[in-house]
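Structure first, commentary second.
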Amino acid sequence: EVGMNAQDLGKILHREPAEIVKKLFMLGIMTNQNQSLDKDTIELLAADYGIEAVEKVHEDISDIDNIFEQEMEASKESKNQTVRPPVVTIMGHVDHGKTTLLDRLRHTRVSEHEAGGITQSIGAYQVRINDRLITFLDTPGHAAFSSMRARGAEITDIVVLIVAADDGVMPQTIEAIDHAKSAGVPIIVAINKMDKPGANPQHVTEQLMNYELIPEAYGGSTIFVDISAKTGLGIDELLENIILEADMLELKADPKQKAIGTVVEARLSRGKGPVADVLIQQGTLRVGDPIVVGDTFGRVRTMTNDKGRQVKKATPAMPVEITGLNDVPESADKLVVFEDEKTARAVGEARAQQALQKQRENVQHVTLDNLFDTM
Ligand code: GTP
Ligand code: MG
């Protein structure tokens with residue numbers, strides 16, 4: 001099964017769904033417009049419409065970004081929707097205290113062990129506050145990691161913008177605001193390092209007002225919280241506001257749907273092979289699920305949660321490290337589950353082939369361009 005029914009096929013082949021059902025009946029297959037069809041049936045039908053149709057159907061199965069969007073849409077109409085944890089991304093200029101804030105929330109000391117005290121990848125963690133789970137993404141503030149910040153803003157529900165009270169608005173503060181705005185994500189401002197003698201929250205607030213972040217006291221609607229990640233000042237107030245904002249957004253997901261997710265980070269591990277940190281966005285991912293991730297494919301071999309514990313399933317808003325892929329995917333790649341391993345492999349291989357083709361074309365292009373340049 002590839003999650004496609006007569007209606008979907010009708011759309012791809014520009015035919016009435018009823019015609020598809022009838023055609024299938026003639027081919028000896030009883031179905032209705034909504035019933036999912038297996039791969040063989042789809043190919044049989046497509047073949048009956050001609051070679052072009054087969055190609056179109058194949059293209060459609062390989063378009064995992066499209067499948068991802070469809071599952072996202074389906075979740076909105078699902079009757080199985082349940083409340084899911086918010087995904088909150090911490091953004092801000094280098095050294096303004098993002099990792100220290102998360103360390104305080106998680107009771108860890110990541111910041112102290114980072115090379116040069118600088119975050120160089122996106123970290124994803126779940127924290128339980130009273131009885132509520134919140135998923136936090138830590139992003140790097142260093143200028144070099146702009147695309148990571150953009151990605152962080154795209155897969156989040158809320159951005160917490162950290163600004164050091166003794167340093168004020170800096171280039172990556174502005175960049176973070178831009179990323180959050182273009183992703184259409186609400187911003188909560190946390191003015192950090194309030195324990196420092198040079199702290200000047202008033203000045204920071206005035207600076208931020210130039211970027212349409214206006215606190216309620218000045219007639220705006222942006223939440224501002226003064227905090228110290230070091231002493232713990234204002235942290236409870238910040239968390240309360242995150243939960244309030246999350247409640248307003250009414251974040252829901254359908255855990256019964258087929259899982260979809262986005263790669264946060266991926267790497268090749270010497271012991272484990274290709275490893276991907278994935279944020280699950282809809283549905284439930286289970287060990288053994290056949291998956292396509294970007295241009296790679298496989299079967300989920302192991303899943304490890306943010307506390308390093310092996311888990312059998314991952315639910316919406318949960319970050320998990322997965323193994324079992326045939327190759328290392330790229331950050332921001334989409335994860336989609338397929339019904340069987342054969343289809344996942346076929347789609348993965350087709351996508352890898354397409355990617356290779358594109359790469360070759362680019363190389364060719366470049367060499368020709370270079371050639372003309374030197375002539
Ligand atoms: P990047 O990930 O590199 O962008 O930095 P970051 O924003 O994660 O900053 P990090 O948490 O690593 O903190 C940078 C420095 O500021 C560290 O030395 C922290 O101990 C210090 N720091 C963070 N928060 C506070 C605070 O509230 N008060 C004081 N006094 N120092 C803080
Ligand atoms: Mg950091």
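The values are calculated or read from the model by the stated rules, or taken from the named source; none is laboratory data. The model shown is predicted, which means the values in this text are computed figures rather than measured ones. Neighbour counts are summed over all protein chains in view; Cβ atoms, including those assigned to glycine, are modelled from backbone coordinates with ideal geometry. Just so you know, the surface numbers come from the protein's heavy atoms only, side chains and all, with ligands and any DNA or RNA stripped out. Shrake-Rupley method; radii C 1.70, N 1.55, O 1.52, S 1.80 Å.
General observations
- Filtered by the rule that a residue be of a type in the set (Lys, Arg), in a strand (DSSP E or B) and closer than 18 Å to PHE338 by Cα, the range 257-314 gives LYS258, ARG286, ARG299, ARG301, LYS313.
- Of the residues making up the range 254-263, at least one is over 17 Å from the mean Cα position of the chain (by Cα) and more than 16 Å from ligand 1 (Cβ to nearest atom).
- Among residues of the range 78-92 being under 22 Å from the mean Cα position of the chain (by Cα) and either among the small types (Gly, Ala, Ser) or open to solvent by 70 Å² or more (accessible area, probe 1.4 Å) (or both), the one that is farthest from ligand 1 (Cβ to nearest atom) is SER78.
- For the range 157-177, a residue qualifies if it is over 13 Å from GLY92 (Cβ atoms) and open to solvent by 30 Å² or more (accessible area, probe 1.4 Å), and exactly one does: ASP166.
- Number of the condition not met by PHE145 [criteria: (1) open to solvent by less than 30 Å² (accessible area, probe 1.4 Å); (2) free of Cβ contacts under 8 Å to residues at least 60 places away in the same chain; (3) within 15 Å of ligand 2 (Cβ to nearest atom); (4) under 18 Å from the mean Cα position of the chain (by Cα)]: (1)
- Within the range 54-77, not a single residue is open to solvent by less than 20 Å² (accessible area, probe 1.4 Å), within 23 Å of the chain's Cα centre (by Cα) and within 16 Å of ligand 2 (Cβ to nearest atom).
- The lone criterion from (1) under 20 Å from GLN282 (Cα atoms); (2) under 22 Å from the mean Cα position of the chain (by Cα); (3) surrounded by fewer than 16 Cβ atoms within 10 Å (Cβ to Cβ); (4) charged (D, E, K, R) left unmet by ASP340 is number (2).
- The range 178-219 - residue that is touching a residue at least 60 places away in the same chain (Cβ under 8 Å) and outside any loop (DSSP other than H, G, I, E, B) and, of those, most open to solvent (accessible area, probe 1.4 Å): HIS179
- Tallying residues that are of a type in the set (A, V, I, L, M) and modelled with pLDDT under 85 within the range 316-375 yields 5.
- Subset of the range 262-289 [open to solvent by less than 20 Å² (accessible area, probe 1.4 Å) and closer than 20 Å to MET72 by Cβ]: THR262, VAL263, VAL264, ALA276, VAL278, LEU279, ILE280, GLN282, GLY283, THR284, LEU285
- Residues in the range 121-131 that are in contact with an Asp or Glu (Cβ under 6 Å, 6 or more places away or on another chain) and open to solvent by 30 Å² or more (accessible area, probe 1.4 Å): 2 in all.
- Within the range 222-232, tally of residues that are surrounded by fewer than 17 Cβ atoms within 10 Å (Cβ to Cβ) and more than 8 Å from ligand 1 (Cβ to nearest atom): 1
- Residues that are open to solvent by less than 30 Å² (accessible area, probe 1.4 Å), more than 9 Å from ligand 2 (Cβ to nearest atom) and farther than 18 Å from GLY234 by Cα within the range 93-120 comprise just one, HIS93.
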